[in-house]
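Q: Let me begin by handing over the structure; questions about it come next.
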Amino acid sequence: MKKSSIAYLIGWLAAIGLFNVVTFVTPNEVNGVSKFDGLFWVSYIFITVAFIAQLVCVLLTIRSDSLQKTFYSMSMLQVSVTSVIVMLVVGGLCMAIFPIPSWIGIIVCSIALAINIWAYVKAVIAVDAVSAIDKKIKVKTMYIKMLTVDAQVLTTTAGSDELRALANKIYEAVRYSDPMSDAALADVEGRMSEEFSHFSDAVNGADLPAAQASAQKLNTLISERNAKCRLLK
């Protein structure tokens, strides 16, 4: 278990322990009316369920392998904490205001719980939507990222200053290109990949004239791709 999970669990146990202490050390009777009626136990169960649900929510988020997913889940954690606070207030009022019929407490606590569940569901949907968009962006930017890495490696394998300067210019051109790809760019990106392969062979083969000619074609293709990227936005 992660240290963060242990730390949170200790805090959660302290909070629910304090709730139980306050609940059970208060006088059993006020103005001759026992607090341990059906409404008391209904409120107590609802509050305890809210505490347990919040614990599960937080532990699942903390134990996530993705730091980015954990960041996105902060809204869910806020909702879970708010749910506990709301249920404490509603349940506490039901415990304090007696005698009233148990069914009133059940309805009030159920409404509060339903609102909290709906808020949590909306937070989960939002997190999933953002995560899906993030995955799509990663896929669409993979082409330029991979090409940038290949161009950077080429700058270190060039055998002369002239070839290294050419490789560095291509690297900078690719590095500062629009990162977003699209199906409409498949043709130009295919030609870029093919031309970069020729350029890489020329650089590694120490063929300066061929590298210069290929670099010129690559720059033209990169400019064409960037222009089409602007049209797609």
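Q: Out of curiosity, is Ala151 under 23 Å from Asp207 (Cβ atoms), out of contact with any Cys (no Cβ under 9 Å at 6 or more places or on another chain), open to solvent by less than 70 Å² (accessible area, probe 1.4 Å) and not acidic (Asp, Glu)?
A: Here the answer is yes, as Ala151 does meet what is asked.
Q: Under 8 Å between Cβ atoms, which residue pairs at least 6 apart in sequence (or on different chains) link something in region 172-199 that is more than 13 Å from Ala227 (Cα to Cα) and without any contact (Cβ under 8 Å) to a residue 24 or more places away in the chain with a partner that is part of a helix (DSSP H, G or I) and of a type in the set (Gly, Ala, Ser)?
A: If the second residue must be part of a helix (DSSP H, G or I) and of a type in the set (Gly, Ala, Ser), the pairs left are His198/Ala210; His198/Ser214.
Q: Among the residues of region 178-194, which ones are modelled with pLDDT of 85 or more and open to solvent by less than 30 Å² (accessible area, probe 1.4 Å)?
A: Val188, Glu189, Met192 - these are the residues of region 178-194 that are modelled with pLDDT of 85 or more and open to solvent by less than 30 Å² (accessible area, probe 1.4 Å).
Q: Restrict the check to region 19-29 and report whether at least one residue is modelled with pLDDT under 80 and crowded, with 16+ Cβ neighbours inside 10 Å.
A: The answer is no, given that none of the residues of region 19-29 is modelled with pLDDT under 80 and crowded, with 16+ Cβ neighbours inside 10 Å.
Q: For region 154-168, how many residues are in contact (Cβ under 8 Å) with a residue 24 or more places away in the chain and either hydroxyl-bearing (Ser, Thr, Tyr) or loosely packed, with under 15 Cβ neighbours inside 10 Å (or both)?
A: 4
The values are calculated or read from the model by the stated rules, or taken from the named source; none is laboratory data. Only a predicted model underlies this, so the values are computations on that prediction, with no experimental measurement involved. Quick reminder, even Gly has a Cβ in these numbers, built from the backbone with ideal geometry, and neighbours come from all protein chains shown. Ligands, DNA and RNA are excluded from the accessible area calculation, which covers all protein heavy atoms including side chains. Shrake-Rupley method; radii C 1.70, N 1.55, O 1.52, S 1.80 Å.
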